[in-house]
1. Among 30, 21, which is the only one that is surrounded by 13 or more Cβ atoms within 10 Å (Cβ to Cβ) and either more than 28 Å from residue 101 (Cα to Cα) or among the polar types (S, T, N, Q) (or both)?
2. Tell me, please, whether a residue that is closer than 27 Å to residue 27 by Cα and of a type in the set (D, E, K, R) can be found in segment 75-82.
3. What's the number of the condition residue 37 fails, among (1) assigned to a loop (DSSP other than H, G, I, E, B); (2) open to solvent by less than 70 Å² (accessible area, probe 1.4 Å)?
4. Restricting attention to segment 48-101, which residues are among the small types (Gly, Ala, Ser), closer than 13 Å to residue 19 by Cα and assigned to a strand (DSSP E or B)?
5. For residue 76, state whether it is of a type outside the set (Ser, Thr, Tyr), in contact (Cβ under 8 Å) with a residue 12 or more places away in the chain and open to solvent by 20 Å² or more (accessible area, probe 1.4 Å).
6. Within the set of pairs 6 or more residues apart or between chains, which connect a residue that is basic (Lys, Arg) and open to solvent by 70 Å² or more (accessible area, probe 1.4 Å) inside segment 92-119 to a residue that is at pLDDT 95 or above and not in a loop (DSSP other than H, G, I, E, B) with Cβ atoms less than 7 Å apart?
Amino acid sequence: QVQLVESGGGLVQPGGSLRLSCAASGNFVSISFMGWYRQGPGKERELVARIASGGSTNYADSVKGRFTISRDNAKNTVTLQMNSLKPEDTAVYYCNANRRGTVPTWDYWGQGTQVTVSE
């Protein structure tokens, strides 16, 4: 119904940058939120950043000032620019898209892309 395809993960040194992208396709009219979650080794999945259809954003405290999320509503894509990466950013990053505030509501997830920050 809705497919999310992620790209941009990889290995980067501390202080480096990566840019993650996610493209949504399928049968839908609108998406309320698009965002990125991550799950590090031995940790639970957590919200990294999300952006609403109107452009408002939320960031985890740990990434504020370093990560920037953006969205192209026409193309149904979301990107996460990650700067000043730290080893603790190492995780599998998952793209998420959902619909809220109207029926039907739904959530879809990408397959995940590995981000490793290491010397």
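The values are calculated or read from the model by the stated rules, or taken from the named source; none is laboratory data. These figures come from a predicted structure and were not determined experimentally. Please note: Cβ atoms are built from the backbone with ideal geometry, for glycine as well, and neighbour counts cover all protein chains shown. Just the protein is used for accessible areas: all its heavy atoms, side chains included, with ligands, DNA and RNA removed. Shrake-Rupley method; radii C 1.70, N 1.55, O 1.52, S 1.80 Å.
1. Working: 30 fails: surrounded by 13 or more Cβ atoms within 10 Å (Cβ to Cβ).
From the options 30, 21, the qualifying one is 21.
2. Yes.
3. Tallying (1) assigned to a loop (DSSP other than H, G, I, E, B); (2) open to solvent by less than 70 Å² (accessible area, probe 1.4 Å), residue 37 fails exactly one: (1).
4. If we filter segment 48-101 for residues that are among the small types (Gly, Ala, Ser), which is where we start, we get 49, 52-56, 60, 62, 65, 70, 74, 84, 91, 97, 101.
With the extra rule that they be closer than 13 Å to residue 19 by Cα, the set shrinks to 70, 84.
Scanning segment 48-101 gives a single hit, 70.
5. Values: of a type outside the set (Ser, Thr, Tyr): yes; in contact (Cβ under 8 Å) with a residue 12 or more places away in the chain: yes; open to solvent by 20 Å² or more (accessible area, probe 1.4 Å): yes.
So residue 76 fits the description; yes.
6. Matching pairs, first to second residue: 100/33.
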